[in-house]
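Written out below as structure tokens is the structure these notes cover.
The values are calculated or read from the model by the stated rules, or taken from the named source; none is laboratory data. None of the values given here were measured: they were computed from a predicted structure. No Cβ is skipped: glycine too gets one built from the backbone with ideal geometry, and neighbour counts run over all protein chains shown.
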Amino acid sequence: MLGRVRESMYSTLGGIEEDQPVLDLFSGSGSTGIEALSRGASMVRFVERERPALGVLRSNLALVGAEDRSEVIGGDALDARHWRAPAPLPPGAESKPWAAVILMDPPYPMLRGSERDKVLAAALTLAEDVLLPGGALVLHGHPRDLGRDAMSTSDFQVDHRVMGRTALLYLWK
């Protein structure tokens, strides 16, 4: 995600309150989640499956000294096991919403191919089960793949923004 798009996204989100946890799926180098940390997030869980990107992500976290406020998971961002609340939590709390912001930046081909429906279904499940009330899920993609009609739901306020060759779809809870 380009820096100007991240800036616009965080402006739309209205900032991240201190002590708010963030879930960053398809993390890549971690730039979007690291910016959440710099804006006050209490912690960020990064989920990325590509080994080269994981190495860069870990290096970037070390570079900014954010390892103690981060959890890095090497795995599939669409695997619900990686969405569980971070420890330590009281018994039974694993299924409760915990993330104030959920960032989803899947590779563009995922939103064009057979995995598109899986990504959109995961976004809805995440918004329902993981997102805290008052929070937002942001899905990043190309405008032709993530149009205004990509997701319709009466349970969430949906906001769609296009900036050149980038689209951001917000689900507000």
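Data table
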{"item": "Conditions (1) outside any helix (DSSP H, G or I); (2) surrounded by 13 or more Cβ atoms within 10 Å (Cβ to Cβ); number of the one not met by Val56", "result": "(1)"}
{"item": "Unique match (being touching a Pro at 6+ places or on another chain (Cβ under 9 Å) and under 14 Å from Tyr10 (Cα atoms)) among Val130, Val101", "result": "Val101"}
{"item": "Filter pass, Asp117 being at pLDDT 95 or above and not hydrophobic (A, V, I, L, M, F, W, C)", "result": "no"}
{"item": "When residues of the range 101-114 are limited to those that are more than 27 Å from Met43 (Cα to Cα) and outside any helix (DSSP H, G or I), the one modelled with the lowest pLDDT", "result": "Gly113"}
{"item": "Yes/no for Ala62 being exposed (fewer than 12 other Cβ atoms within 10 Å of the Cβ) and either under 23 Å from Ser29 (Cα atoms) or out of contact with any His (no Cβ under 9 Å at 6 or more places or on another chain) (or both)", "result": "yes"}
{"item": "Every pair of residues 6+ apart whose Cβ atoms lie under 7 Å, when the first sits in the range 106-131 and is basic (Lys, Arg) while the second is buried (at least 21 other Cβ atoms within 10 Å of the Cβ) and part of a loop (DSSP other than H, G, I, E, B)", "result": "Lys118/Leu78"}
{"item": "Answer from Ala85, Ala36 - the residue that is among the aliphatic types (A, V, I, L, M) and either in a loop (DSSP other than H, G, I, E, B) or farther than 20 Å from Leu131 by Cα (or both)", "result": "Ala85"}
{"item": "Lone unmet requirement of (1) modelled with pLDDT of 95 or more; (2) surrounded by fewer than 21 Cβ atoms within 10 Å (Cβ to Cβ) for Glu17", "result": "(1)"}
{"item": "Whichever residue in the range 145-173 is of a type in the set (A, V, I, L, M, F, W, C) and closer than 17 Å to Leu132 by Cα and, among such residues, is surrounded by the most Cβ atoms within 10 Å (Cβ to Cβ)", "result": "Leu171"}
{"item": "Residue match in the range 73-94 (condition: more than 17 Å from the chain's Cα centre (by Cα), of a type outside the set (Lys, Arg) and modelled with pLDDT of 90 or more)", "result": "no"}
{"item": "Qualifying residues in the range 138-149 (those that are touching a Leu at 6+ places or on another chain (Cβ under 6 Å) and assigned to a loop (DSSP other than H, G, I, E, B)) - the one farthest from Leu13 (Cα to Cα)", "result": "Asp145"}
{"item": "Search result, residues across the range 1-41 that are over 22 Å from Gly75 (Cα atoms), among the hydroxyl-bearing types (Ser, Thr, Tyr) and without any contact (Cβ under 8 Å) to a residue 60 or more places away in the chain", "result": "Tyr10, Ser11, Ser38"}
{"item": "Among residues of the range 101-136, those that are closer than 19 Å to Ser31 by Cβ and of a type in the set (D, E, K, R), counted", "result": "1"}
